[in-house]
Amino acid sequence: MKGAVLRKPGGFNDIYKHKPGADKDRTHYCPGCGHGILHKLIAEALEDLEITDRTIVISPVGCSVFAYYYFNTGNLQVPHGRAPAVATSVSRANPGSVVISYQGDGDLAAIGGNHILQAANRGENITVFFVNNAIYGMTGGQMAPTTLEGMKTTTTPYGRNPATDGYPMKVAEMLNSLYAPTFIARTSLHDIANIRKTRAAVRKALQYNMEKKGFSIVEVLSMCPSNWKLGAVESQNWIRDHMLEVYPLGTLRDRGAEVAPRVRPRPELDPARVRETLGLGEGSGVKLERPKETPVYPNPSVRIAGFGGQGVLSAGVVLANLGLEYGYNVSWLPSYGPEMRGGTANCSVKIQDGTIGDTEATKPHVLIALNRPSMEKFEPIVASGGTLIYNSTLIDVTPSRKDIRVLAVPITGLADELGNTKVQSMVAAGAFAAATGLFALDDIIRLLPSLYSGEAIVKLNEKAVKAGFDFVRGIKS
Amino acid sequence: MARKLMKGNYAAVYGAVLAGCEAYYGYPITPASEIAEAAAELFPKLGRTFLQAECETASINMVYGAAGCGKRVMTASSGPGISLKQEGLSYCAGSALPCVVVDVMRGGPGLGNIGPEQADYNQVVKGGGHGNYRVIVLAPNSCQEMCDLTMLAFELADKYRNPAFVLTDGVIGQMMESVEIPEPVASLPDKSSWAVKGDADTKNLINSIYLAHDELEAWNNRLLEKYRAIERDEVRFEEYRMEDAEYAVIGYGCISRVLRTVVDDAREKGVKIGLFRPISLFPFPKSAIASLPSRGIRKVLTVELSTGQLVDDVNLALGGRLISDFYGRVGGNVPSASEILGRISQLYGVKI
Ligand SMILES: Cc1ncc(C[n+]2csc(CCOP(=O)(O)OP(=O)(O)O)c2C)c(N)n1
Ligand code: SF4
């Protein structure tokens, strides 16, 4: 037997070194199995197309789980059904390589059904060789999605019943409904003429792969004598007599001529380019000196609360950004929980020189309440000696705490006077600056261009900050 | 050094970009989606791959493929998505593939909710898929650490050829803090001795099959040796005001921030209390915790956003010398400092 094989095709290893046991020369496939034939067609094509050295074969779970014993290529063995997902990233990692996903019908059409569909739909530059033997080979002859109606398997002992088990799945036709694939063919291994056609289809699929023309698949009808419980020749006849009418052969799609090659970008790892792309080196462009006056609260914790849409969260972001520019450590925590969707929102901001512990302002030095429910909810937690800035346009009750400073600021009204309710958040930020002395008005204004784009928007926000600031300074004097 | 105000989720992507991560494969899930969104924004600007996969099973297998090709690669998800990734993670561990996974934990079981929890602890720290394996697990408690520990995760993953997790939660992921941005890595490790590159020189094989029983046992033993080395060399934790402490609170991630405030508040009232924060969850800081009683700690309280997962490991480490008390909140609830202080005063009869 050994002497009869003159030379293995160049796509194969001379010696199957990964194969356990003494026999490192022959495959592990059963006599008469289609896998061995298809392997040989692929190995010959790799040699003839001169791509053995740049091919990566993905071995699935199934009888071809050991495909990596044979192919003299890069090899990855992968989880059941996931080969198209792995092939996707392998081809993107090595755009110059030819990536082959080799799969059985349980692997591809059952557990991996979605992966093949999605990889095909993305038009990944991979070639799939899909062995349709209408059964699970490796696990001992259970039903596959491709099992024929009435066919007996170990899990359809009375024959596949479409009423309970569904119908044979036509993968090539299914994939043919997608736009992206380049080449889809179904061939068979049951006689010499069809093996020749398979040989041609294998080469065409690989050719497109080499040319980076996207997704190609060859569905190959293949014998499983062991689980069909037939002889080798009977198995070939069985394909001819039973499978061909369910799975017609032919090229379903060949768009190779019209598809443009895919070019993948080269990943940039140069530190200088990375730094530049992330905008590092200059921060926001503004570095601020802290105001001379001592702030009312040196390390303030702040709560801002109101309706969703009042700019509660963005007001907090503005304060945190200012703190950052003054060189403080800052944190900003948005509110969680059902109230987020229920129309109210709040956030906590901490601006500190030391390490910030809890980022939730549970005893805020400053509360900015933009609506009544928020004031009612948070007034009680303001730290003794703290400040409550409340939106007197919308809140028609007066806060009751006597141990805190209360500032009534018509935040919505001031924003409306500027013709845009949206700038409430900046009115609030201005009020905060005036009330605490933490930020200088000029500094906020200098920072605005880095927070907003468009001259008109920046100008509007500038007016809003000033309105809030001046109003509070007016109360104080 | 540049400082930026950024969300924890965003900081993790910065860390990945700085660490030379070449590909991101993910699937959206709250509260981790911002990681995918930030990667979608930043990766293509540097010619790196961003792909939204069809599901988490696909994304972890894409990670397997890219890692098998020697690329720094990451994915991110949360509870339900992490459950789906477990098969692929077991394959990554079984094939000794370095990769980074960020888990921004949410409330469970089932669909649960999108509030912060720490309920993925067991399924991540114990190697949640099939087979005997461990993943390296780092638990940031700030946006700064989201960046720094993501970078470290890439380094450790490569050093040990093993998956590494950044285990975080919705609070850390979605809050913003000032972050000092580290320098980008200047060079990446050479993996050509084992990675698949699709060229004539590196016809390597990535595989987790060992048919012979003895071979598979030997492979498991080699993995075990690796995990022992990690346990010996990579333990990370932080102590705060522990020097003269008689009480210790233990917690990781967002809750450790609350515990820091708890310690400060209780110290103001004269209670000698300190914080022990595990930063690496695998390797778990076993001996540091085991030594607490001999350092004068009389009581330990473990606080977590789960119903008793971390506390099991704390008690294993304490080895019966002390039994840790436990306080856990779940469902998206994060206990406040005063709530925990109340618990402490109730448990230990101290006035706070
Ligand atoms: C997650 C998972 N489920 C099930 C299996 C068991 N299994 C191994 S191969 C196989 C089916 C193989 O059939 P097919 O894909 O048709 O390939 P064939 O063996 O016929 O070539 C199954 C179910 C597995 N390895 N992993
Ligand atoms: S079981 Fe079937 S598919 Fe598997 S090797 Fe044998 S003949 Fe081939």
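The values are calculated or read from the model by the stated rules, or taken from the named source; none is laboratory data. Bear in mind that the values here come from a model prediction, so they are computed numbers and not experimental data. Using ideal geometry, Cβ is built from the backbone for each residue, glycine included, and neighbour counts are taken over all protein chains shown. Just the protein is used for accessible areas: all its heavy atoms, side chains included, with ligands, DNA and RNA removed. Shrake-Rupley method; radii C 1.70, N 1.55, O 1.52, S 1.80 Å.
Once you reduce the range B:11-80 and the range A:395-410 to the center of their Cα atoms, the two points are 49 Å from each other. Considering only B:G20, B:Y247, B:G173, the residue lying farthest towards the positive end of the dipole of chain B is B:Y247, judged by Cα position with unit charges set on Cβ. Tell me, what is the percent relative contact order of the range A:275-476, built from C-alpha pairs under 8 Å that lie six or more residues apart? Here the relative contact order equals 21 percent. Between the listed residues A:C224, A:T251, A:A272, the Cα displaced farthest toward the positive end of the dipole of the range A:212-275, a dipole computed from Cβ unit charges relative to the Cα centre, is found at A:A272. Dipole size of chain B about its Cα centre, with +1 on Lys/Arg Cβ and -1 on Asp/Glu Cβ: approximately 540 debye, rounded to the nearest 20. Each Cα pair under 8 Å and six or more residues apart adds its sequence gap; the mean of these over the residue count of the range B:3-233 is a relative contact order of 25 percent. If you wrap the tightest convex hull around every Cα atom of chain B and split its volume per residue, you get 139 Å³. Normalised by the number of residues in chain A, the average gap of Cα pairs under 8 Å and 6 or more apart makes the relative contact order 9 percent.
Taking the DSSP beta bridges with both ends in the protein assembly as shown, the antiparallel portion is around 35 percent.
Lysine pairs in the range B:3-233 whose alpha-carbon atoms fall under 15 angstrom of each other, counting only those eight or more residues apart or on distinct chains, come to 7. By the rule of a C-alpha distance below 17 Å, with chain neighbours fewer than 8 residues away ignored, the aspartates and glutamates paired with A:K422 are A:E455, A:E462. For the protein assembly as shown, with the dipole built from +1 on Lys and Arg beta-carbon atoms and -1 on Asp and Glu ones, taken about the Cα centre, which of B:L316, B:I206, B:G342 lies farthest toward the positive end? Checked the options; the winner is B:I206.
Per the Cα gyration tensor, chain A maps to an equivalent ellipsoid with semi-axes of 72, 25, 20 Å, ordered largest to smallest. Multiplying the residue separation of B:D201 and B:L111 by 0.36 nm and removing their Cα-Cα distance gives an extension gain of 27.7 nm. For chain A, the Cβ-based charge dipole about the Cα centre amounts to some 620 debye (Lys, Arg positive; Asp, Glu negative; other atoms uncharged).
With respect to chain A, whose longest principal axis is taken over its alpha-carbon atoms, helix A:424-436 is tilted by about 50°. Among beta bridges identified by DSSP and lying wholly in the range A:35-254, the antiparallel ones come to about 20 percent. For the range A:365-399, the residues whose amide N sits under 13 Å from a probe point set 7 Å from the Cα of A:Q352 along the beta carbon direction are A:365. Only Cα sites of the range A:275-476 enter the Debye sum here, all with the same form factor; the resulting log10 I(q)/I(0) across q = 0.10, 0.13 1/Å is -0.38, -0.65, listed in q order. Summarising the strand pairing of chain A, around 35 percent of its internal DSSP beta bridges are antiparallel. Within the accessible area of the protein assembly as shown, what % is carbon and sulfur when the probe is 1.4 Å and the other protein chains stay in place? Looking at the protein assembly as shown in its full context, I get 52 percent from C and S. Please give the Cα centre distance for the range A:139-218 versus the range B:175-223, rounded to the nearest Å. That distance is 34 Å. Across every pair of non-identical alpha carbons in the range A:35-254, the mean reciprocal distance, once inverted, gives a Kirkwood radius of 17.1 Å.
Against the main long axis of the alpha-carbon atoms of chain A, helix A:34-48 sits at an angle near 80°.
For the protein assembly as shown, a crude dipole built from +1 on the beta carbon of Lys and Arg and -1 on the beta carbon of Asp and Glu, taken about the Cα centre, is about 420 debye to the nearest 20. Between helix A:312-325 and chain A there is an angle of about 80 degrees, using the helix long axis and the longest principal axis of the Cα atoms. For the range B:1-139, the gyration tensor built on C-alpha atoms gives an oblate shape. Its axis ratio a/c (a ≥ b ≥ c) is at least 1.5, and a/b is not larger than b/c.
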